Amino acid sequence: MDQIRQTQRFSRRVWLGYGASAIAGASCLLAPARAQTPPKTYPLAASSLVLDVAAAGDALVAVGDRGFILRSTDGGQSWAQVSSPTAVMLTAVAMSSATNGVAAGHDATLLRTTDGGQTWTIKDQSPELEAPLMDLWFENETHGLAIGAYGLIKETNDGGDTWDERRISEDEPHLYALVRAADGSLFAAGEAGALFRSTDVGATWAKIESSPYDGTYFGLLSLIDGALLAFGLQGNLFRSPNLGKTWEEIPTETTASLMGGVQRKDGSIDIVGLSGAVLTSIDGKSFQLNNLPDREALSGVFETAANKMIVFGEHGVHPLDLERQL
């Protein structure tokens, strides 16, 4: 019950400004966001909710609550807030090069940087859609995709200056994760077991009918061995060795919702989630569960250029050291 409450509490923060979240029921009730003004420098920004991290050359960029944007030049050991043009929650950030990148968030907001995350400008925003964007992917410096609520897809062909809009399907499921598989195809995942595949770099999408369950997926990982991992609500984790044709359930020994993951340079895998859940694996076929002592709600995990692991979530960004913390 405590984990369910934390799922709901964390989810309400993620969907801040759009009404109550019903992630525990694998759906969201969205209400129009109020107009907001850009935040000023906030002393506690570095310890506030962080929802995504990306590398910008030798620097790191993090985004999260209240439009906060953070930047680190020492591998994630310390973070400084940079000016943001918005106060809406930012949910994703992706760098297509060391200097060019995009951040996405509520109100279908899309920001762009051309200087490695030091400055940002709003390039697209649609409050009337009542649809937050939840993930980003870039094929190269010009072509990229953003996905979000109600099956929303935004596409750019000029590095993020302009964006075209469409929906992934007629039933318009909320989408949370977007990843490129080993064969070059794209996979998107979201609520009610929604899984989609594109073989033309996102131009068209086909629904995968072999989804192993009807709960919400929050994350996808494409592994170096060609397998896919899909994970989400209540500790559910599945592996497909054949690009979504068949799936097998992987025991996790937790009912904490799984929110993000990464495959390290050495091939091992970390998946993190609520209640401080950290799942580790050497092959993606079986996982060991650890729980951070403070039970922090974690939204993701990232490996730095120096092979250091950092996690991020409700308490900002900090190192992951299981031997020290457990």
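Just so you know, all these numbers are worked out from the coordinates, no wet-lab data involved. Computed from a prediction, not measured in an experiment: that's the story for all the values here. Note that we place each Cβ from the backbone using ideal geometry, even for glycine, and neighbour counts take in every protein chain shown.
Odds and ends about this structure:
- Residues (crowded, with 19+ Cβ neighbours inside 10 Å, touching a residue at least 60 places away in the same chain (Cβ under 8 Å) and not in a strand (DSSP E or B)) located in segment 58-94: 76, 79, 88, 89
- Residues of segment 243-288 that turn out to be outside any loop (DSSP other than H, G, I, E, B) and surrounded by 15 or more Cβ atoms within 10 Å (Cβ to Cβ), as a count: 19
- If the condition is being among the hydrophobic types (A, V, I, L, M, F, W, C) and under 19 Å from residue 187 (Cβ atoms), then segment 120-161 contributes 133, 134, 136, 137, 138, 145, 146, 147, 149, 152, 153.
Table: residues versus (1) under 22 Å from residue 260 (Cα atoms); (2) in a helix (DSSP H, G or I); (3) in contact (Cβ under 8 Å) with a residue 12 or more places away in the chain.
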residue: 119; (1), (2), (3): no, no, yes
residue: 136; (1), (2), (3): yes, no, yes
residue: 146; (1), (2), (3): yes, no, yes
residue: 192; (1), (2), (3): yes, yes, yes
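- Looking only at residues of segment 184-201 that are under 18 Å from the mean Cα position of the chain (by Cα) and small (Gly, Ala, Ser), we find that the one that is surrounded by the fewest Cβ atoms within 10 Å (Cβ to Cβ) is 192.
- Answer from 214, 225 - the residue that is surrounded by fewer than 20 Cβ atoms within 10 Å (Cβ to Cβ) and in contact (Cβ under 8 Å) with a residue 60 or more places away in the chain: 214
- Residues that are touching a residue at least 60 places away in the same chain (Cβ under 8 Å), surrounded by fewer than 24 Cβ atoms within 10 Å (Cβ to Cβ) and either on the phi > 0 side of the Ramachandran plot or part of a strand (DSSP E or B) (or both), drawn from segment 95-117: 116
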